Amino acid sequence: MKPIIIANWKMNLNLNEAFSKADSLNKRNSSVQFILAPPTPYLAHFTQNFTRTTFCAQDVSSISGYGAYTGETSADIIKSCGINYAIIGHSEKRTTMKDSNLTVRKKVESCIKAGIKPIICVGESLETRKNNNYKDFILEQITESIPENANNIMIAYEPIWAIGTGITPTQEELTEIFDFIKNDSAISQVAKNAQLVYGGSVNSRNYKEILAIEGVSGLLIGGASLDDDELNLILG
Ligand code: PGA
């Protein structure tokens, strides 16, 4: 299986800047399965222009369908733009927008109903890691955020202490978490069946090592995906 590389551009790049980066990416061949998550308003325009690229939303509303919900963008609207993936429950949404596990679950349900594959983010803070509660914390996030009928999902393990910090977990720390999600008896079968990706300070120097870890199907990349040289090295 080709590794999955998801580039999360977050709230960066104006339309011209993003268009020109997406254009270059769309022209290149790559040995990975590349998925690009630009800011939401660019999605429909980009899918129409860059037909060789798979695009992804950075979030969807917890409300499904259509209706009088000013400012919301439902999974159905995202799907109608030709988008088949969405990042859900990113720690930046969980902290800045206070998305709870229940909200994440509603968003995941909306995605599934609309035919979008959710990339569900989980991961502990530094404090939780230091207190040695991280497995319980991840178990709770997984149990509360992922509905029982979710059969086509990705889980992104993104420890908050690794996001944008330049610090990545050690091989042992990552192996422990991926083994836990894949094999622990307390983890639901739907979560065990999910594709697992890692995110947090991935760059051109550490990506190979992380991809080599058992159970890791891909990477979710923030900062380094905005740097053309870095991303080109990772896309191979
Ligand atoms: P980072 O972000 O690669 O800049 O650490 C990853 C993420 O937030 O998904």
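Throughout, read-outs are computed from the coordinates displayed, never taken from laboratory work. Note that the structure is a prediction, hence the values are computed from the model and not measured. Counting neighbours? That spans all protein chains shown, and the Cβs are built from the backbone with ideal geometry, glycine included.
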Legend entry - Estimated FRET transfer efficiency when R0 is 45 angstrom, pair residue 186-residue 24 (beta carbons, to 0.05): 0.50
Inset, instruction - Under 20 Å Cα to Cα from residue 182, which lysines show up? Leave out anything in the same chain fewer than 8 places away. - result: 2, 117, 135, 192
Inset, instruction - Can you check what the net charge comes to around residue 31, using other residues whose Cβ is under 13 Å from the Cβ of residue 31 (Lys, Arg +1; Asp, Glu -1)? - result: +3
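How much of the DSSP bridge set in the range 90-236 is antiparallel, in percent, rounded to the nearest 5?
0 percent
Could you please rank 134, 198, placing first whichever residue has the fewest other Cβ atoms within 10 Å of its Cβ?
Values: 134 21, 198 27.
The most exposed by this proxy come first: 134, 198.
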Inset, instruction - On a C-alpha basis, how far is the centre of the range 79-112 from the centre of the range 34-56 in Å? Whole number, if you could? - result: 18 Å
Inset, instruction - Assuming 1.002 mPa s and 20 °C, estimate D for the chain with Stokes-Einstein, Rh taken as the Kirkwood radius over Cα pairs, in µm²/s. - result: 120 µm²/s
Inset, instruction - Rank these for me by crowding, 110, 80, going from fewest to most other beta carbons within 10 Å. - result: 80, 110
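Exposure proxy check: 170, 175 ranked by fewest other beta carbons within 10 Å?
Details: 170 9, 175 15.
Ranked by crowding around the Cβ, least crowded first: 170, 175.
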Inset, instruction - Please report the relative contact order for the chain, taking Cα pairs under 8 Å with a sequence separation of at least 6, and give it as a percent rounded to a whole number. - result: 19 percent
Inset, instruction - Can you grab the distance from the C-alpha centre of the range 157-224 to the C-alpha centre of the range 10-25, Å, no decimals? - result: 26 Å
